[in-house]
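The values are calculated or read from the model by the stated rules, or taken from the named source; none is laboratory data. All values reported here derive from a predicted model rather than from experimental measurement. Here Cβ is always computed from backbone atoms with ideal geometry, including for glycine, and neighbour counts include all displayed protein chains.
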Amino acid sequence: MLTTDGRRSFELSGPVAAAVGLGLAVVLLAPAPFLSDLAVFQFLAVQLGFIAAVYFGFAVADGRIGPLALEFLVAGSFMFLGTTALWADSPALLASGYAAHAVWDLVHHPRAVTSRVASWYPPFCVVFDLAVAAFILLWLPLGGVAA
């Protein structure tokens, strides 16, 4: 698709974006049967911080100070949550972090007051986050994975 200024843009409908989010979660989690539970847990804890930082990148592109400061604090909070889940050896806490990030995705609906994101990104990310949260709850032992 071309924008009004002639640049190319990437657009998906909400349902297609959600399907792509689910597909990405499946691809991301596909190696899990070949890894230890601890390795999967550690990878997903780091991933939580990474996905939260994507909105910080959107805020940088947005250029407004308010959204930039907010997204910086929120990304840091999710990084802290992933680290805390590792420290506490708590897959349940990590799953709650992904579920909380899905709620944060909903805040980025195009009519919300946050940094500007592509309209397809929130449904993509909500489905991705909820799929990963469900995977954690179903795959990892909730009592902890430490060796």
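Couple of notes before you dig in:
- Close contacts from the stretch 47-70, counting a first residue that is over 24 Å from residue 95 (Cα atoms) and a second that is outside any helix (DSSP H, G or I) and at pLDDT 90 or above, with Cβ to Cβ under 9 Å and a gap of 6+ residues or different chains, come to none at all.
- Meets criteria (touching a residue at least 24 places away in the same chain (Cβ under 8 Å), more than 16 Å from residue 133 (Cα to Cα) and either touching a strand residue (DSSP E or B) at 6+ places or on another chain (Cβ under 6 Å) or of a type in the set (Val, Ile, Thr) (or both)) for residue 20: yes
- From 27, 16, 46, residue being closer than 25 Å to residue 97 by Cβ and either modelled with pLDDT under 95 or surrounded by 11 or more Cβ atoms within 10 Å (Cβ to Cβ) (or both): 46
Here's the yes/no breakdown for (1) more than 13 Å from the chain's Cα centre (by Cα); (2) surrounded by 14 or more Cβ atoms within 10 Å (Cβ to Cβ); (3) touching a residue at least 12 places away in the same chain (Cβ under 8 Å):
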| position | (1), (2), (3) |
| --- | --- |
| 85 | yes, yes, yes |
| 90 | yes, yes, yes |
| 103 | no, no, no |
| 138 | yes, no, no |
